[in-house]
Amino acid sequence: MTGPYATTIIVVALLFAAWALINAAANRPKGVALLLAGVALEVLLVGFAVGGIVQMAGSARNFVRVEFVGYLLGCLAIPPGAFLWAWGEKSRAGNVVIAFAFLITPVMVLRVQQVWAGPVG
């Protein structure tokens, strides 16, 4: 659950967050391009979740599996939830909501990696 794929998700999410924050600062409306960015991130997260569950099923590692799957599902839920909320918002706050979703995603990916690593000590 660590490696280039997780790093890619983190970098992409942070770049998209910067884009959404710039849109908010410039008071630009949300557009289809930003929505497509959210879809692209969601596709990456689906691959992350599927890969994580497959790795978990084939692993004898000592970690909390329910928590692991919960974080994977949480990663999947954040972008669509934020976009549903943001699309109804006509002010710049909609872009800020999307930016926060993009900023929360790397934190969730890091948390998935921590759970995958198992207990310390």
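Any read-out appearing in this document is the output of simple, stated calculations on the displayed coordinates, not a laboratory observation. All figures in this text were calculated on a predicted structure; none of them were measured in a lab. Cβ atoms come from the backbone with ideal geometry, glycine included; neighbour counts cover every protein chain shown.
Key figures for this structure:
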{"read-out": "Coarse-grained scattering of the chain at q = 0.13, 0.18, 0.22, 0.23 Å⁻¹, given as base-10 log I(q)/I(0) from a Debye sum over alpha-carbon atoms", "value": "-0.51, -0.85, -1.14, -1.22"}
{"read-out": "Length gained when the stretch LEU14-ARG61 is fully extended (0.36 nm per residue, less Cα-Cα span)", "value": "13.9 nm"}
{"read-out": "Percent of Cα-Cα distances greater than 17 Å, calculated over segment 77-121", "value": "44"}
{"read-out": "Fewest-first sequence of LYS30, LYS90 by Cβ atoms within 10 Å of each Cβ", "value": "LYS90, LYS30"}
{"read-out": "Förster-model FRET efficiency, 22 Å R0, ALA77 and VAL50, C-beta, rounded to 0.05", "value": "0.90"}
{"read-out": "Ranked GLU89, GLU42, criterion: other C-beta atoms within 10 Å, fewest first", "value": "GLU89, GLU42"}
{"read-out": "R0 of 30 Å, Cβ-Cβ distance GLU89-ALA117: FRET efficiency to nearest 0.05", "value": "0.20"}
